[in-house]
Amino acid sequence: MAAQKMIVDEFAWDPRYAVSCVDEVMTPALVIYPEIIHANIDRSIHLLNGDADRWRVHVKTSKLGYTLRLLVGRGIRNFKCATSLELLVACQCGAADVLLAYPTMGANARRVREIAGEFSKVRISVLAENEQQVRQWQGTRLGIFLDINSGMNRTGIEESHGDEVVKLARAIGAAGLEFRGLHYYDGHYGALEEPERTKSAHAGYDRLMKIVAAIEGSGIKVPEVITAGTPTFSSALSYAGFRGANFRHRVSPGTVVYCDATTMAQLPKEFGYKPAVLVLTRVVSRPHEGIVTCDAGHKAVSADAGVPTCVVVGRPELTPLSPSEEHLPLAVKEGAAGPQAGDALYLLPRHVCPTVNNFEDALLVRGGAVESVEKVTARGREAPLVGTTGRGVSLQAHADD
């Protein structure tokens, strides 16, 4: 199977990205453009035929309470998340229905119970893939989605183990809990070129539908099936089996809210998405002929998706090289003058989700002006001791230390 190039080669400058007070901004800085966020949200709802209820947005990208409130304001009520902090922030920002789409055990599960108790009006669900994970939620109002391994081999019950899925669905009811459906993340198909990506994704959905049929054949209703992050969003939209099904099908792309250099390479241009988040950086050195260095190393722009970590917006003559913690060298195309020390550059991240997570604050820029500074509310994780979350607790050292 052909592997897709997971990043656009270049991205043209758009005057909306300019920050007029750039000389007053300490770099690197996370810059967010609310007008483009609005447009991306509207595009997503349009692609879902105007049905905002079909979108279960993943909070891992949005991260800011500001952005979550924008989503809620546009009629989005269903979310999914990966950490207890994301769950907390989603509940605080008006979410009506949140799935913690991560296998949660031990103290993490106890913290989820606490949050569910605090936000009794929010419909909260969790994942399970074995009876131990089901039993730990007995006595709570939390609903259970069964996690299906799509072949990504990250979490979930293997697709070929349909009997095991049916058994667990029964165990949920026997434990006095509510079976809320199936969760199926197939992001690994994003590495394939079209039409192979959609062909592979649809084959996976065919296998998923057999699991649904097996559960329904046992007399258990499947209320909801969740598929498709951003990489297979278009594949899920074109799958005929989801239309007119007995269950509610929801998609869960999160990256489309902000978009990044990978999204722009993966999704069809006609979808109309635009990057809504950039990293503002400055050139700090010209260490060698043909190389300039800016202050956006991998502690600013995430390197988890590989090198290059980003695209320099409007500067096709610059190619990002391998970063260190605080430095990002850029190769200057032969014959080009390149930027000077002190010049500002705007970077489009290859992977925006962990890049947003790298920053404590974001600049909201509209019409070139900084409208506000917003906290990246769901960044990182909560304090690690259950019961001390948000209290800044210090543990005294032993007297003999």
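The values are calculated or read from the model by the stated rules, or taken from the named source; none is laboratory data. Here the structure is a predicted model, which is why all the values come from computation and not from measurement. Here the Cβ is made from the backbone with ideal geometry for all residues, glycine too, and neighbour counts use every protein chain on show. Note: accessible area is taken over every heavy atom of the protein model, side chains too, but ligands, DNA and RNA are not part of it. Shrake-Rupley method; radii C 1.70, N 1.55, O 1.52, S 1.80 Å.
Search segment 351-388 for residues being among the small types (Gly, Ala, Ser) and under 20 Å from the mean Cα position of the chain (by Cα), and hand back the single one that is modelled with the lowest pLDDT.
Per the stated criteria, the residue is Gly380.
Can you say whether Tyr17 is among the aromatic types (Phe, Trp, Tyr) and open to solvent by 40 Å² or more (accessible area, probe 1.4 Å), as far as the supplied structure shows?
No; evaluated as a whole, the condition is false for this residue.
Report yes if Ala96 is crowded, with 23+ Cβ neighbours inside 10 Å and more than 17 Å from Val386 (Cα to Cα), otherwise no.
Answer is no for this residue.
For segment 316-343, which positions are closer than 26 Å to Glu24 by Cα and either in contact with a Phe, Trp or Tyr (Cβ under 8 Å, 6 or more places away or on another chain) or open to solvent by less than 40 Å² (accessible area, probe 1.4 Å) (or both)? Passing the criteria: Leu318, Pro320, Pro323, Leu328, Pro329, Leu330, Gly338, Pro339.
Scanning segment 296-314 for residues that are open to solvent by 30 Å² or more (accessible area, probe 1.4 Å), farther than 13 Å from Val8 by Cα and out of contact with any His (no Cβ under 7 Å at 6 or more places or on another chain) gives His298, Lys299, Ala303.
If the condition is being in a strand (DSSP E or B), out of contact with any Ser or Thr (no Cβ under 6 Å at 6 or more places or on another chain) and either touching a residue at least 40 places away in the same chain (Cβ under 8 Å) or charged (D, E, K, R) (or both), then segment 82-117 contributes only Asp97. Determine whether segment 175-184 contains at least one residue that is farther than 19 Å from Ser125 by Cα, touching a residue at least 24 places away in the same chain (Cβ under 8 Å) and in contact with a helix residue (DSSP H, G or I) (Cβ under 8 Å, 6 or more places away or on another chain). Taking every residue of segment 175-184 in turn, none turns out to be farther than 19 Å from Ser125 by Cα, touching a residue at least 24 places away in the same chain (Cβ under 8 Å) and in contact with a helix residue (DSSP H, G or I) (Cβ under 8 Å, 6 or more places away or on another chain).
Selection of segment 28-65 for residues being without any contact (Cβ under 8 Å) to a residue 12 or more places away in the chain and either open to solvent by less than 10 Å² (accessible area, probe 1.4 Å) or not acidic (Asp, Glu) (or both) yields His46, Asn49, Gly50. With the structure loaded, tell me whether Val165 is in a loop (DSSP other than H, G, I, E, B), buried (at least 20 other Cβ atoms within 10 Å of the Cβ) and of a type outside the set (S, T, N, Q) or whether it fails that test. So Val165 fails the test. Beta carbons closer than 8 Å, at least 6 apart along the sequence or on distinct chains, pair a first residue in segment 147-161 that is over 20 Å from Thr198 (Cα atoms) and outside any strand (DSSP E or B) with a second that is of a type in the set (Phe, Trp, Tyr) and open to solvent by 80 Å² or more (accessible area, probe 1.4 Å) for Thr155/Tyr102. With respect to the stated conditions, Arg69 is open to solvent by 20 Å² or more (accessible area, probe 1.4 Å), farther than 30 Å from Gln133 by Cβ and modelled with pLDDT of 95 or more.
Looking across segment 344-374, the residues that are surrounded by 13 or more Cβ atoms within 10 Å (Cβ to Cβ), in a loop (DSSP other than H, G, I, E, B) and on the phi < 0 side of the Ramachandran plot come down to Arg350, His351, Asn358, Phe359.
Residue count for segment 168-182 satisfying the condition of being open to solvent by less than 10 Å² (accessible area, probe 1.4 Å) and either assigned to a strand (DSSP E or B) or within 20 Å of Ala265 (Cα to Cα) (or both): 2. Taking segment 69-81 on its own, how many of its residues are free of Cβ contacts under 8 Å to residues at least 60 places away in the same chain and more than 12 Å from Ile124 (Cβ to Cβ)? Number of matching residues: 8. For segment 143-156, a residue qualifies if it is surrounded by fewer than 21 Cβ atoms within 10 Å (Cβ to Cβ) and under 14 Å from Ala101 (Cα atoms), and the qualifying residues are Gly143, Asn149, Arg154, Thr155. Go through segment 279-315 and give me each residue that's in contact with a helix residue (DSSP H, G or I) (Cβ under 6 Å, 6 or more places away or on another chain) and not polar (S, T, N, Q). Matches in segment 279-315: Val301, Asp304, Val311.
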